[in-house]
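All remarks here apply to the structure that follows.
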Amino acid sequence: MGRGLARDHAEKRDILRRGAADYFAQNGFDRASMAGAAKVCGVSKALIYHYYDSKEALLADILATHFHCVVERAERTASNGLRSLMATLLDAFEDADAEHKLLLEALSTLPDDLQEPILSHQRTLVRLMSGALQQQRPDLTGDRLRAATMTVFGIINWVYTWHRPDKGLSRAEFADLAADFAEGGLRNL
């Protein structure tokens, strides 16, 4: 008879995801190793392989889990409009700089079957953002709607590259500024 899951199985996986995300983002996924991830997480290489059969499986779990949570939050607030959706996304991204760096730099290294759940989450976020933009500008359709949607994501997705906690604007203050910027831009389209 197989061994059951430990009571703290989900908690351990979460600790491994967070530690490995930071390690992969800092060292570059292509140069990182499972042994290095295990060391950073304070566990044995055997334990990390107990949870993940490959470095790619670990990366896929990091990204899919993070974006699943982001999508859940976005779905709850999207009907409240663009400002609310942007604030929710920026809040959800606040402690996820490593995950965003990995998404941009390492997603394409995964096999298609491991990429698909993450790409599905991205498509959901794009759909929600397009809907929020159309609430304000119902006449925005087709290529112009897609370009406006990607522009808003361009405003919020790169925050991790320049924002430093406790320096300058808080994330909440930036969310207001970014929403003002986007709403002003929508009015002038």
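The values are calculated or read from the model by the stated rules, or taken from the named source; none is laboratory data. If you're wondering where the values come from, they're calculated on a predicted model, not measured in any experiment. Backbone-built Cβ (ideal geometry, glycine too); neighbour counts: all protein chains shown. Side chains included, ligands, DNA and RNA excluded: accessible areas come from the protein's heavy atoms. Shrake-Rupley method; radii C 1.70, N 1.55, O 1.52, S 1.80 Å.
Scan segment 149-164 and give yes if some residue there is open to solvent by 90 Å² or more (accessible area, probe 1.4 Å), part of a loop (DSSP other than H, G, I, E, B) and out of contact with any strand residue (DSSP E or B) (no Cβ under 7 Å at 6 or more places or on another chain), otherwise no.
yes
Scan segment 101-159 for residues that are of a type in the set (Lys, Arg) and without any contact (Cβ under 8 Å) to a residue 60 or more places away in the chain and jot them down. Outline the logic, then answer.
So in segment 101-159, the residues of a type in the set (Lys, Arg) come out as 101, 123, 127, 137, 144, 146.
Residues satisfying the conditions are 123, 127, 137, 144, 146.
Within segment 132-142, is even one residue open to solvent by 20 Å² or more (accessible area, probe 1.4 Å), part of a helix (DSSP H, G or I) and out of contact with any helix residue (DSSP H, G or I) (no Cβ under 9 Å at 6 or more places or on another chain)?
Yes - at least one qualifying residue is present in segment 132-142.
Which residues, taken from segment 45-74, are of a type in the set (Phe, Trp, Tyr) and under 23 Å from residue 94 (Cβ atoms)? Can you show your working first?
Here is the first cut: in segment 45-74, the residues of a type in the set (Phe, Trp, Tyr) are 49, 51-52, 67.
Within segment 45-74, 67 is the sole residue that qualifies.
What tally of residues in segment 64-73 results from selecting those that are under 13 Å from residue 125 (Cβ atoms) and open to solvent by less than 30 Å² (accessible area, probe 1.4 Å)?
Summing the residues that are under 13 Å from residue 125 (Cβ atoms) and open to solvent by less than 30 Å² (accessible area, probe 1.4 Å) in segment 64-73 gives 4.
Six or more apart or on different chains, Cβ atoms under 7 Å: show the pairs whose first residue is in segment 66-90 and at positive phi and whose second is open to solvent by 10 Å² or more (accessible area, probe 1.4 Å).
Qualifying pairs under 7 Å: 81/135.
Is it the case that segment 165-173 has a residue that's touching a residue at least 40 places away in the same chain (Cβ under 8 Å) and either open to solvent by less than 50 Å² (accessible area, probe 1.4 Å) or not small (Gly, Ala, Ser) (or both)?
yes
Output yes when any residue across segment 102-123 is exposed (fewer than 14 other Cβ atoms within 10 Å of the Cβ), within 21 Å of residue 32 (Cβ to Cβ) and among the polar types (S, T, N, Q), and no when none is.
The answer is yes; a qualifying residue exists.
Here are the criteria: (1) open to solvent by 80 Å² or more (accessible area, probe 1.4 Å); (2) closer than 14 Å to residue 17 by Cα. Tell me which single one residue 76 does not satisfy.
Single failed check for residue 76: (2).
Yes/no per residue for (1) modelled with pLDDT of 95 or more; (2) in contact with a Gly (Cβ under 9 Å, 6 or more places away or on another chain):
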position	(1), (2)
129	yes, no
134	yes, no
165	no, no
174	no, yes
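Go through 119, 104, 90 for me and flag whichever is out of contact with any helix residue (DSSP H, G or I) (no Cβ under 7 Å at 6 or more places or on another chain), modelled with pLDDT under 95 and part of a helix (DSSP H, G or I).
Step by step, each of 119, 104, 90 is checked, and only 104 is out of contact with any helix residue (DSSP H, G or I) (no Cβ under 7 Å at 6 or more places or on another chain), modelled with pLDDT under 95 and part of a helix (DSSP H, G or I).
Considering segment 43-56 alone, what residues qualify as being more than 24 Å from residue 160 (Cα to Cα), in contact with a helix residue (DSSP H, G or I) (Cβ under 8 Å, 6 or more places away or on another chain) and either assigned to a helix (DSSP H, G or I) or open to solvent by 70 Å² or more (accessible area, probe 1.4 Å) (or both)?
45, 47, 48, 49, 51
Tell me which residues, restricted to segment 175-189, are within 21 Å of the chain's Cα centre (by Cα) and open to solvent by less than 20 Å² (accessible area, probe 1.4 Å).
175, 178, 179, 182
Name every residue in segment 11-26 that is touching a helix residue (DSSP H, G or I) at 6+ places or on another chain (Cβ under 7 Å), open to solvent by 20 Å² or more (accessible area, probe 1.4 Å) and at pLDDT 95 or above, in order of residue number.
Correct list: 17, 22, 23.
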